[in-house]
Amino acid sequence: MNQKQAKELVRSRLSDKRYEHTLNVKKMAVRLAKRYGVDEDKAALAALLHDSAKEISKDEMRELMRQYPQYAEGGEERPAPVWHGICAAILARTQWGVEDEAILSAIACHTAGKAGMSKLDKVVYLADMTSKERDWPGVGKLRKLEMKDLDAAMLAALKQTNDFVLSQGKPLDPQSAAAYEDILSHQKKEC
């Protein structure tokens, strides 16, 4: 699947607002990819597909994860807000011909992160949080930080997300906590 095909596919699957968000994420992902020496085409394709399952029902997502348990990463046991990334990666792999594991990983972990994130994973995660239409307290600060230090931006982004989830009284995805701890431990080793 190329970018043109991905764009057409998501245009047909998403609301106008979600499609606009997707295009903004693609622009930011390409910008970050350039900055950090990540393959821009991979970043663009992962960004275009990251929310491709966002507007299907929870029942459809559950069914998709049950149909492909080998790709679901225990998804059903995880909080429902992360399901759409897992399902988007499953659809990309099983129905849309995306075979690149790096792209599939970036799609699957764009909401919660995971331990051992690649630069591409981090680029898509951050691009989703800081895309043009995002307007939450601190987003401007994160946009500046992500252009200076990818891992420092990831720590700030994961902390923001985890704190928000916990403040809502919702369960924290263990993958998100693992991502934070993993990046933090690498930062400490570098000091």
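So the values come out like this:
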| quantity | calculated |
| --- | --- |
| Carbon and sulfur %, accessible surface of the stretch 3-190 computed with the full protein complex present, 1.4 Å | 50 percent |
| Residue-normalised accessible area of the stretch 10-58, expressed per residue, 1.4 Å probe, Å² | 47 Å² |
| Extension reserve of the Lys159-Ala80 stretch, reckoned as 0.36 nm per residue once the Cα distance is removed | 26.5 nm |
| Largest-first principal axis extents of the Cα set of the chain (Å) | 44, 33, 29 |
| Probe 1.4 Å, protein heavy atoms only - accessible area per residue of the stretch 62-191 in square angstrom | 49 Å² |
| When each of Lys132/Lys189; Lys34/Lys58; Lys148/Lys189; Lys54/Lys141; Lys122/Lys144 is checked by Cα-Cα distance, pairs over 24 Å | Lys132/Lys189; Lys34/Lys58; Lys54/Lys141 |
| Stretchable slack from Glu8 to Lys189, in nm (0.36 nm times residue separation minus alpha-carbon distance) | 60.8 nm |
| Length added when fully stretched, Glu101-Lys34, from 0.36 nm per residue minus Cα-Cα | 22.1 nm |
| Relative contact order [Cα under 8 Å, 6+ residues apart], the chain, whole percent | 22 percent |
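The values are calculated or read from the model by the stated rules, or taken from the named source; none is laboratory data. Since this is a predicted model, take the numbers as computed values, not measurements. Side chains are part of the model used for accessible areas, which takes the heavy atoms of the whole protein and leaves out ligands, DNA and RNA. Shrake-Rupley method; radii C 1.70, N 1.55, O 1.52, S 1.80 Å.
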